[in-house]
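Below is one structure, written out as structure tokens, with a few remarks after it.
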Amino acid sequence: MSGATPREIRGNRRRALASGEDREEYLGFVIDREFYAVSLALVREILKPPPVTEVPRSPPDVLGIVSVRGQITTVLDLRLRLGAGAAPQTLHSRVLLVQGNDEVLGLLVDEVTQVYRLAPAEIESTSSVLGNNVGSHVAGIGRPRVRGLRNEQHSSDDEVLILLDLASLLG
């Protein structure tokens with residue numbers, strides 16, 4: 001993740017709230033060289049991939065189950081769920097424990113990048129950017145601004161985030 005400590009992240013959040021900024025926090029991650037993000041409020045924990053027990057006759061995107069502190073959790077390969085194709089795990093691979101519709105699920109991602117704090121002006125609807133041919137699991141496009149410059153500017157095109165709607169994606 002970014003080099004910020006939890007104390008620095010909380011301090012930045014307090015300053016933003018005190019200044020009246022209306023920002024949402026998203027956890028950024030990479031799938032097949034594309035940048036994605038989900039609402040940070042839905043992420044419970046980030047884990048190094050634990051050993052997974054396969055489940056016979058499960059869908060291809062279900063890697064299997066793991067025990068996290070005694071709780072059985074289903075792990076999904078987010079690459080396969082998004083249609084990116086399978087890839088081997090690396091040292092950067094992580095499992096995001098997220099609140100699904102009625103259970104906690106693990107989502108295997110290629111790499112976790114950082115927490116993004118996006119203002120409403122930094123989030124665009126998918127129909128205005130990509131047209132109406134976007135899956136229902138895409139909630140919007142995030143374009144983080146580079147802060148600290150005299151005039152805030154959008155970051156490079158590499159910093160475009162596909163914001164996922166987990167309820168739709170996991171439903």
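The values are calculated or read from the model by the stated rules, or taken from the named source; none is laboratory data. Being a predicted model, the structure only gives us computed values, none of them experimental. Note that we place each Cβ from the backbone using ideal geometry, even for glycine, and neighbour counts take in every protein chain shown.
Counting only strands (runs of 3 or more DSSP E) wholly contained in the stretch 38-110, the ones carrying 2 or more residues that are of a type in the set (Gly, Ala, Ser) and over 13 Å from residue 27 (Cβ atoms) occupy 62-68. Taking the conditions (1) modelled with pLDDT under 90; (2) under 19 Å from residue 26 (Cβ atoms) in turn, residue 150 satisfies each one other than (2). Just checking, which of 41, 84 is farther than 15 Å from residue 103 by Cβ, out of contact with any Asp or Glu (no Cβ under 7 Å at 6 or more places or on another chain) and among the aliphatic types (A, V, I, L, M)? From the options 41, 84, the qualifying one is 41.
The set of residues in the stretch 70-124 that are touching a Ser or Thr at 6+ places or on another chain (Cβ under 8 Å) and of a type outside the set (Gly, Ala, Ser) comprises 73, 97, 103, 104, 105, 108, 109, 110, 111, 113, 114, 115.
Of 79, 143, all but one fail to be at pLDDT 85 or above, touching a strand residue (DSSP E or B) at 6+ places or on another chain (Cβ under 6 Å), over 21 Å from residue 22 (Cβ atoms) and not hydroxyl-bearing (Ser, Thr, Tyr); the exception is 79. Considering only residues in the stretch 81-112 that are crowded, with 19+ Cβ neighbours inside 10 Å and among the β-branched types (Val, Ile, Thr), the one that is nearest to residue 169 (Cα to Cα) turns out to be 98.
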